[in-house]
Every structure is written in C-alpha cells, then in structure tokens.
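Single-structure report; data block below.
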Amino acid sequence: MLTEETRATLAQRLWDAETDVSSIAPLTDDHPGMTPDDAFEIQLVNIRRRLDAGAVVRGHKVGLASKAMQEMMGVDEPDYGHLLDTMEYPQGTPVEAARFCFPRVEVEVGFILGADIPPEGCSQAEAAAAIEWVVPSIELIDSRIKDWKITLPDTIADNASSCGYVVGDGRVRLADIDVADIEATLYKNGEFLASGRSDAVLGNPLNSVGWLASTVAKFGVRLRKGDVILPGTAIRAMDAAAGDTFRAEFAGLGDVTMEFS
C-alpha cells in the first residue's frame with residue numbers, strides 16, 4: 001500500500017495533467033506495486049477537492065465491464081469512478097474537444113436510482129428494486145495517461161477515465177424492458193459506426209450495479225436515490241474529435257446525442 005503522502009502526490013500529478021490538458025506517464029511506472037485500493041484512494045483525493053470547490057456527486061460509473069473493452073485496454077476486471085454535476089452535458093450543448101487529451105465516447109444503458117442500494121452483497125434483485133428508470137446515455141472518457149497506456153490502477157486513480165456524460169430524454173421502467181437484451185447502435189456524423197447488446201456488460205447491466213455497490217462500500221461510498229449509474233458499454237470506446245456528432249440508438253429505450261466543438 002502507498003503512503004498517504006504518495007497518494008496525494010500522485011493525485012496532484014493527475015490534477016495538473018487534466019488542468020494543463022497534457023498527458024503523463026502511467027503512475028504505475030514509478031509505483032508498480034500500486035493496488036486498486038491505492039488507486040481509488042487517489043481518485044477520492046481529487047473527488048473531494050472538487051466537492052470542496054462546490055461540485056456535487058450525481059452518480060457513479062463502471063468501466064471496462066465488457067470483454068471488448070477489457071481486451072481493448074489490456075485489463076481483466078472493471079474499474080469504477082464518480083459522476084459529478086460538472087461532468088453532465090445537456091443534449092444539444094457541445095463538448096469542447098480541446099479540453100481533453102484524447103476523448104472517446106461509450107454507449108451505455110444507464111440507470112437512475114429511486115432508492116439507496118445496499119452497500120454490501122447486493123444481489124441482482126436488490127439492484128433491480130432500487131432502479132427507478134432505465135435511460136439512454138453516452139459517456140465521455142479521456143485519459144491523462146499518455147496514449148491510453150493504462151493498467152487497472154492507473155485508470156481507477158484517474159476517475160476511471162470518466163470526464164462527462166449525457167443522458168437522453170427517454171425514461172422506461174425497469175419492469176417494462178429487458179435490460180439484458182437491448183440492442184445499441186452508434187452513429188458518427190450520420191454514418192453507422194458500431195452496434196452491440198447490453199448483455200455484453202457482465203452478462204446483464206444489473207450485475208454491474210451490484211458489483212459497483214459492493215466494491216466501493218469499503219471506501220465509504222454509497223449509491224444513493226437519484227444517482228445516475230452508468231454500468232459499462234457493450235461497444236468498444238470510439239475516438240472523438242472537434243466537429244463530430246455521435247448518436248446512440250437503443251431498442252425500446254430511445255436515443256441520445258453528444259456533439260463536439
């Protein structure tokens with residue numbers, strides 16, 4: 001385990017890289033023994049700094065939850081991060097691409113909680129009982145680690161590479177849709193880009209929610225009523241640049257758009 005001083009130093013390194021829009025070498029290059037627990041504590045240093053500055057937690061995300069994403073990034077388990085109000089983009093509000101080192105988009109079947117989720121040993125049924133709405137969403141990810149050469153601890157420390165998200169207008173009750181059988185299709189600038197099914201996310205996105213609740217509980221983090229939960233993407237992340245418009249369509253759920261200026 002890293003010392004508190006070392007964690008603070010590494011958190012500052014990530015903070016400066018984001019502020020300067022300049023990528024850095026993997027944290028694990030200097031600290032190969034850094035564990036996922038160390039990494040989440042580093043993440044929390046910067047999350048608390050943002051909260052102290054007035055930001056509000058709006059939810060949580062799971063990343064690298066599908067085989068496609070794990071193979072793409074060279075890891076073998078999911079990561080997890082926070083969603084803040086400063087990261088939310090209303091539809092129709094362009095994202096300034098120049099603010100990010102190497103932006104990418106992920107298509108996700110999102111959830112909005114209608115109740116708190118039990119912090120430990122959360123079953124699929126308990127996760128389902130806490131979900132009020134199923135929603136279409138796109139997550140914006142970016143890495144302060146140069147060329148996305150990340151290990152699992154690197155991405156966890158970097159808030160699971162999460163930088164923003166947009167939620168579509170569609171709202172469907174969980175009981176009215178099979179969240180393990182939603183076909184998602186992504187278009188870039190009006191042209192088909194990729195498609196996938198929601199069961200690519202740990203077999204069922206509900207499993208991702210339960211896994212998240214149990215994983216972050218030991219750090220005192222809870223999934224609360226009103227939170228947006230992004231459980232992971234069924235389609236590999238796609239590069240984004242200024243001028244791009246992405247539209248994701250979800251069978252039975254609606255669509256959502258993210259634009260880049």
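The values are calculated or read from the model by the stated rules, or taken from the named source; none is laboratory data. In this text, all values refer to a predicted model and were calculated from it rather than measured experimentally. Here the Cβ is made from the backbone with ideal geometry for all residues, glycine too, and neighbour counts use every protein chain on show. Just so you know, the surface numbers come from the protein's heavy atoms only, side chains and all, with ligands and any DNA or RNA stripped out. Shrake-Rupley method; radii C 1.70, N 1.55, O 1.52, S 1.80 Å.
Summary of values
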quantity	calculated
Sole residue being open to solvent by less than 10 Å² (accessible area, probe 1.4 Å), of a type in the set (A, V, I, L, M) and either assigned to a loop (DSSP other than H, G, I, E, B) or touching a residue at least 12 places away in the same chain (Cβ under 8 Å) (or both), chosen from Leu223, Leu206	Leu223
From Glu183, Glu249, Glu191, Glu259, residue being of a type in the set (D, E, K, R), without any contact (Cβ under 8 Å) to a residue 12 or more places away in the chain and at negative phi	Glu191
In the stretch 14-49, residue surrounded by the most Cβ atoms within 10 Å (Cβ to Cβ) [restricted to those that are in contact with a strand residue (DSSP E or B) (Cβ under 6 Å, 6 or more places away or on another chain) and not small (Gly, Ala, Ser)]	Pro26
Those residues of the stretch 1-57 which are touching a helix residue (DSSP H, G or I) at 6+ places or on another chain (Cβ under 6 Å) and of a type in the set (Ser, Thr, Tyr), in sequence order	Ser23, Thr28
Within the stretch 81-119, tally of residues that are free of Cβ contacts under 8 Å to residues at least 60 places away in the same chain, open to solvent by 10 Å² or more (accessible area, probe 1.4 Å) and aliphatic (A, V, I, L, M)	0
In the stretch 226-252, residue most open to solvent (accessible area, probe 1.4 Å) [restricted to those that are assigned to a strand (DSSP E or B) and touching a Gly at 6+ places or on another chain (Cβ under 9 Å)]	Arg247
